[in-house]
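For reference, the structure is listed below as structure tokens.
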Amino acid sequence: MRKRLALLSTIFGSMFLLCVAVTGVAAMVDPRTLAVSVSVFLVGMLIIFVQYHYITAGTSRYLHQLGEEVHALQTEASIGHPLALTVVSDTGEIVWYNRKAEQLLDGSSTLQLYGRMISDFIGNTDFRQPTPEKGFGVRIGGRQYSMYANEYDSGSETEKLFALYFVDDHDLKHYTDLYFKTRPAVMRIMVDNYDELVQNARESDKTQVLSEIDYQITQFVEKYGGVVSQVEKDRYNAVFEDKFMQQIIQNRLDILDTIRKIEISDRVPCTLSIGIGREAPSISEADEMARQALEMAQGRGGDQAAVRTKNGYDFYGGLSKGVEKRTKVKTRIVAQALSELIASSKNVILMGHRFADMDCFGAAVALHKAVTQMGKPAWIAIDPDRNMVDLLYRRVAENGYREYLKAPSELMDVVEEGTLLIVVDTHSKTIIESRELYEKCRSVAVIDHHRKLVEYIDNATIFYHEPYASSACEMVTELVQYLSGNIRLTRLEAEALLAGIMLDTKNFVSKAGVRTFEAAAYLRRLGAETSDVRKYFNTSLSDYQQRIKLMASAELYHGCAVASTNQMIEDINVVAAQAADELLNINGVAASFVMYETGRGVNFSARSMGEMNVQIIMESLGGGGHLTMAGAQLSDCTLESARQRLFEAIDDYLSKNPRPAK
Ligand SMILES: Nc1ncnc2c1ncn2[C@@H]1O[C@@H]2COP(=O)(O)O[C@H]3[C@@H](O)[C@H](n4cnc5c(N)ncnc54)O[C@@H]3COP(=O)(O)O[C@H]2[C@H]1O
Ligand SMILES: [Mn+2]
């Protein structure tokens, strides 16, 4: 409007100038007309002036009126706005509110809201902070609102004002929440050692034990409002609403403890493995996740629960040693499959983990014999300089194996389409002897006894994984008896296997089960003597001295012996492993940890007497292993910060798994 008035004044201005010009010209042509011209000009000017004034006054009256109407409309719009709106001072005092806000904050009472504090309604939500994208979540009168704040700074001395808008999205939030809380979560439960229980329990105990297990599982599921069905004699499937599953997880799956407490005459412990699938887009996917999780829980030795979420796995329990499986049905099936796989391959490469020890080397040597007896060329991939099998390696090389022991790089050329790679004593891509060699081989089989890691070789045709076995050598001793071709091992090969078993069981002290002794007996029959095998473990005087020094550096931390060295010792891997073994002999030591610098970082050797699970502690540092024997490697890390991280890992473990009071 103002623009138009400006236009008008320009027009009037131009007309004025035009009149002056016309009058001037007229006066020059005939001075007599001057008087007339001037009079006409003046009259004209008067009319224009009056007109202009009139238009301006009318316009501004119109504008004023319009402004008032708009103002009234604005006020009315705010007052009657469908959203609740309040204006509060910087301190939170209510200075203005609309009708909706009156209803919202005051209900039916006629109490004035002016002067009351907004915090009486929204609690301690700080509206002065920048409003989050989806508003502040506030709860008023049992309903949920999103509150948006708009700051108004008049610039004057007076304090700031804030307009607060309340959007009622109660239903949206309520039902979203309900959706997440009631989404189905699936649990698969398996009795770890059903067959052993049935075989070993007395007839009179049998039914009682089995019905006790059944009763406890049903009770547990009912307590958390789930439904359960027994799908096989030793398997149950249950479905829960996710909020109850969360409670179950918060209570750290106490059903594991309940079942472990069931007493059986033969002292066979009774344990469960549980797999849980949560946060899946559909129930069938949740079930699939539960299946994978159950497999994982079993692969880690049973007596534990694995929870599969969209981000990976969480584990609970896993504190008992794992129950031995005595039936060898699986071994026979695997042996058959492996025989077929070997028969259909062109050649075979056997490979263990980096810094090969007697367990992986022994297993590789015996399998090498089996494969060559089946008529296929085979090699063992082992770094000749970086291993822990010094004496055994030499003995084996001297006895006809020299041409078959190759560094991984030397074997890259023999890999062809039909090459089979058999990985022994590890199932992790990160600690195998050679990643390049592994990646070049199309066909892979894995034979391992370590507790399952989340990162594992996932493309294996045969994944023979037995966390209950003491060692890879125990597994291979059993396998060779079932492989086709009637394989006969020589005395040296039997010794290599026995060395592996003795290494991993610490001379039949830890993890040695019925099957371990059966395997040892078989090897003994082939001529292997424990006293001869012991010689492969002999160390040099300097290693012995280093070990004593290392042990002397030990300090105690919450029942754990922690020793470390930053000296470069030649056979540090073996020295550290042996020091860790020996530290367990100290009274009151439940676990031992030995740390050593490698030039690239810090390595750990961890051992336990079975009461603490060192696998879990090492796993939190990126390593793994067993309940009683584990390790980890931290790269780019100083000894001191490694020590700190170890202490934190121990603290964390103990806070979740307190040691039973003695
Ligand atoms: N990043 C990682 N991820 C997953 N697992 C990891 C890991 N780092 C280490 N581990 C596992 O932890 C276990 C302990 O390793 P550590 O080197 O202390 O102890 C090794 C080895 O150093 C030690 N050893 C070798 N020669 C020895 C000897 N002559 N005397 C005594 N101990 C010996 O015997 C142990 C054999 O243990 P085993 O192979 O069954 O299992 C190993 C290893 O596979
Ligand atoms: Mn091993």
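The values are calculated or read from the model by the stated rules, or taken from the named source; none is laboratory data. Since the model is a prediction, treat every value here as computed from it, not as a measurement. Cβ: placed from backbone, ideal geometry, glycine included. Neighbour counts: every protein chain shown.
Annotation note: of A519, A563, the sole residue that is within 16 Å of ligand 2 (Cβ to nearest atom), without any contact (Cβ under 8 Å) to a residue 60 or more places away in the chain and either touching an Asp or Glu at 6+ places or on another chain (Cβ under 6 Å) or of a type outside the set (F, W, Y) (or both) is A519. Scanning region 76-100 for residues that are under 22 Å from S119 (Cβ atoms) and of a type in the set (G, A, S) gives A84, S89, G92.
For V509, the test of being surrounded by fewer than 24 Cβ atoms within 10 Å (Cβ to Cβ), within 20 Å of Q298 (Cα to Cα) and within 15 Å of ligand 1 (Cβ to nearest atom) is failed. Entry remark, region 577-623: residues being aliphatic (A, V, I, L, M) and within 16 Å of ligand 2 (Cβ to nearest atom) number 5 in total. Residue selection: S443 fails the criterion of being at negative phi, modelled with pLDDT under 90 and more than 16 Å from ligand 1 (Cβ to nearest atom). Kindly check whether there is at least one residue in region 380-387 that is among the hydrophobic types (A, V, I, L, M, F, W, C) and away from ligand 1 (no atom under 16 Å from the Cβ). The answer is yes; a qualifying residue exists. Across region 452-503, what is the total count of residues that are modelled with pLDDT of 90 or more, basic (K, R) and within 16 Å of ligand 1 (Cβ to nearest atom)? Number satisfying all stated conditions: 0.
You will find that of R116, R99, R143, R128, the residue that is more than 23 Å from D169 (Cβ to Cβ), among the basic types (K, R) and free of Cβ contacts under 8 Å to residues at least 60 places away in the same chain is R116 and no other. The residues listed here are V95, V87; of these, the one that is surrounded by 11 or more Cβ atoms within 10 Å (Cβ to Cβ), of a type outside the set (S, T, N, Q) and at pLDDT 90 or above is V87. Taking each residue of region 62-77 that is farther than 21 Å from W96 by Cβ and looking for partners that are part of a helix (DSSP H, G or I) with beta-carbon atoms closer than 9 Å, six or more apart or interchain, yields L63/R2. For region 158-195, filtered to residues that are surrounded by 20 or more Cβ atoms within 10 Å (Cβ to Cβ) and of a type in the set (D, E, K, R), the residue that is modelled with the highest pLDDT is R188. The residues on offer are N573, N603, N566, and the sole one that is in contact with a Phe, Trp or Tyr (Cβ under 9 Å, 6 or more places away or on another chain), outside the structural domain of R354 (by TED's automatic domain parsing) and surrounded by fewer than 19 Cβ atoms within 10 Å (Cβ to Cβ) is N566.
In region 388-420, which residue that is out of contact with any Phe, Trp or Tyr (no Cβ under 7 Å at 6 or more places or on another chain) and assigned to a strand (DSSP E or B) is nearest to ligand 1 (Cβ to nearest atom)? If we take residues in region 388-420 being out of contact with any Phe, Trp or Tyr (no Cβ under 7 Å at 6 or more places or on another chain) and assigned to a strand (DSSP E or B), then L405 is nearest to ligand 1 (Cβ to nearest atom). Where helices (runs of 4 or more DSSP H) fall wholly inside region 282-384, the ranges with 1 or more residues that are within 16 Å of ligand 2 (Cβ to nearest atom) and of a type in the set (A, V, I, L, M, F, W, C) are 358-373.
Here A293, A305 are screened, and the one residue that is within 19 Å of D458 (Cβ to Cβ), more than 16 Å from ligand 1 (Cβ to nearest atom), crowded, with 18+ Cβ neighbours inside 10 Å and not assigned by TED's automatic domain parsing to the domain that holds L411 is A293. Of the helices (runs of 4 or more DSSP H) that lie entirely inside region 427-516, those containing 2 or more residues that are closer than 24 Å to L391 by Cα, touching a residue at least 24 places away in the same chain (Cβ under 8 Å) and within 16 Å of ligand 2 (Cβ to nearest atom) span 472-482, 491-504.
Taking the conditions (1) touching a residue at least 40 places away in the same chain (Cβ under 8 Å); (2) surrounded by 13 or more Cβ atoms within 10 Å (Cβ to Cβ) in turn, A579 satisfies each one other than (1). Among the helices (runs of 4 or more DSSP H) confined to region 185-256, the ones with at least 3 residues that are more than 16 Å from A305 (Cα to Cα) and among the β-branched types (V, I, T) are located at 203-223.
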